[in-house]
1. Evaluate the following for Thr3: is it at pLDDT below 95, among the hydroxyl-bearing types (Ser, Thr, Tyr) and either out of contact with any strand residue (DSSP E or B) (no Cβ under 9 Å at 6 or more places or on another chain) or surrounded by fewer than 13 Cβ atoms within 10 Å (Cβ to Cβ) (or both)?
2. Specify which of the listed residues (Ile86, Ile113) is without any contact (Cβ under 8 Å) to a residue 40 or more places away in the chain and surrounded by fewer than 21 Cβ atoms within 10 Å (Cβ to Cβ).
3. Restrict the check to the range 98-113 and report whether at least one residue is β-branched (Val, Ile, Thr) and either in contact with a Leu (Cβ under 6 Å, 6 or more places away or on another chain) or modelled with pLDDT under 95 (or both).
4. Kindly list the number of the only condition in (1) in contact (Cβ under 8 Å) with a residue 60 or more places away in the chain; (2) within 19 Å of His135 (Cβ to Cβ) that fails for Met97.
5. Tell me the residue from Leu322, Leu302, Leu215 that is loosely packed, with under 15 Cβ neighbours inside 10 Å, of a type outside the set (Ser, Thr, Tyr), modelled with pLDDT of 85 or more and more than 26 Å from Ser28 (Cβ to Cβ), please.
6. Out of (1) at pLDDT 95 or above; (2) in a helix (DSSP H, G or I); (3) over 15 Å from the mean Cα position of the chain (by Cα), the odd one out for Thr161 is which?
7. Could you grab me the full set of residues in the range 255-284 that are aliphatic (A, V, I, L, M), surrounded by 15 or more Cβ atoms within 10 Å (Cβ to Cβ) and more than 28 Å from Glu226 (Cβ to Cβ)?
8. Surrounded by 15 or more Cβ atoms within 10 Å (Cβ to Cβ) and part of a loop (DSSP other than H, G, I, E, B): does that describe Leu138?
Amino acid sequence: METFDNIKERYKVAIIQQAPVFLDLEKSVEKAAELITDCAAQGASLVVFGETWLPGYPVWTSFDSRFNNPLAKVVYKHLFDNSVEIPGPITRWLGEMCKKAGVYLAMGVHERISSGTLYNCIVFIGPDGRLIGKHRKLVPTYHERLIWGQGDGSTLEVFDTSLGRLGGLICYEHLMPLARYTLYSKGIQIHTALWPCPVKPYLVACRNMAAEGRLFVVVACTYYPESTIESLNFELFDKITEWPAHLSQGGSCVVGPDGECLVEPVMSDETVYVDIDLDRIIEEKLIVDAVGHYARPEVFTLQVNTAPLKPIEFPGENRTPLKQ
């Protein structure tokens, strides 16, 4: 892991709320390039996009979860074709954008693997264009299990950057106490909290994490008006009559290390900006340090499996060949 001697203590964060070009990966990446450039021009050092921004949150699963639905299969194939390999051409493209703009990026994506599974993922990229790492959502929530596989402990990580220690969780992972505590133990300072929309517990969960971990929580939601999808040749479009005029109304905000909002939820497609001061984290640790003076290791311990979980291994492939 790269370490940084000179941490930038004060800087600006930008949260993108505009919707992607729904289910169109290439056009969404082009739109992201414009938005990242705009944020850099406003002085942002970190740009954060919402959950599965590339190429859009699978809203249809909330309205149609019939088993073995042929149309759902067609949409899944379309989504898979417009999803991201990590690493791959799209992460390299995003890296070029970040290098040109000189910013860090936390981007929500659908990650695909060759076997046919998708994962809900955050991609972290540095201002040098390098892929820093990723986090896969550990447990897809409710209807989301129709779309994504489960992540594992190998991506429950915090990354050293020149902006401090950066990491993130996705949506209802913020209600997983042990996942939160793992990130605290890794020294997280800037936490990116990716949500598709401001669902009921989102602000309570994020304010709790900021206060509990004494860190900054950058909450990224997306503004999805009905017009986001109405122009598409969308296979489940007949369901549009059941959908609200706004699939999501934004709701991004930033919470400081005392649990109070630095920026209250913004209900629009407006880009949200906030100034971060890392010194506030240490100030708040006077009261609570969840993995330091406020821990009781003689009472509580936590074991975390950080090994990548594989469905199959071939031990014989590692054997020394027999000599002839």
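1. Working: at pLDDT below 95: yes; among the hydroxyl-bearing types (Ser, Thr, Tyr): yes; either out of contact with any strand residue (DSSP E or B) (no Cβ under 9 Å at 6 or more places or on another chain) or surrounded by fewer than 13 Cβ atoms within 10 Å (Cβ to Cβ) (or both): yes.
Yes: the conditions hold for Thr3.
2. Details: Ile86 fails: without any contact (Cβ under 8 Å) to a residue 40 or more places away in the chain.
Result of the check over Ile86, Ile113: Ile113.
3. Keep residues of the range 98-113 that are β-branched (Val, Ile, Thr), which gives 103, 109, 113.
Adding the requirement that they be either in contact with a Leu (Cβ under 6 Å, 6 or more places away or on another chain) or modelled with pLDDT under 95 (or both) leaves 109.
Scanning the range 98-113, I find at least one residue that is β-branched (Val, Ile, Thr) and either in contact with a Leu (Cβ under 6 Å, 6 or more places away or on another chain) or modelled with pLDDT under 95 (or both), so the answer is yes.
4. Met97 satisfies all of (1) in contact (Cβ under 8 Å) with a residue 60 or more places away in the chain; (2) within 19 Å of His135 (Cβ to Cβ) except (2).
5. Numbers: Leu322 fails: modelled with pLDDT of 85 or more; Leu215 fails: loosely packed, with under 15 Cβ neighbours inside 10 Å.
After applying the criteria, what remains is Leu302.
6. The single condition Thr161 does not satisfy is (2).
7. Hits for the range 255-284 are Val255, Leu262, Val274, Ile276, Leu278, Ile281.
8. Yes; evaluated as a whole, the condition is true for this residue.
The values are calculated or read from the model by the stated rules, or taken from the named source; none is laboratory data. Just so you know, these numbers come straight off a predicted model, no measurement behind them. Here the Cβ is made from the backbone with ideal geometry for all residues, glycine too, and neighbour counts use every protein chain on show.
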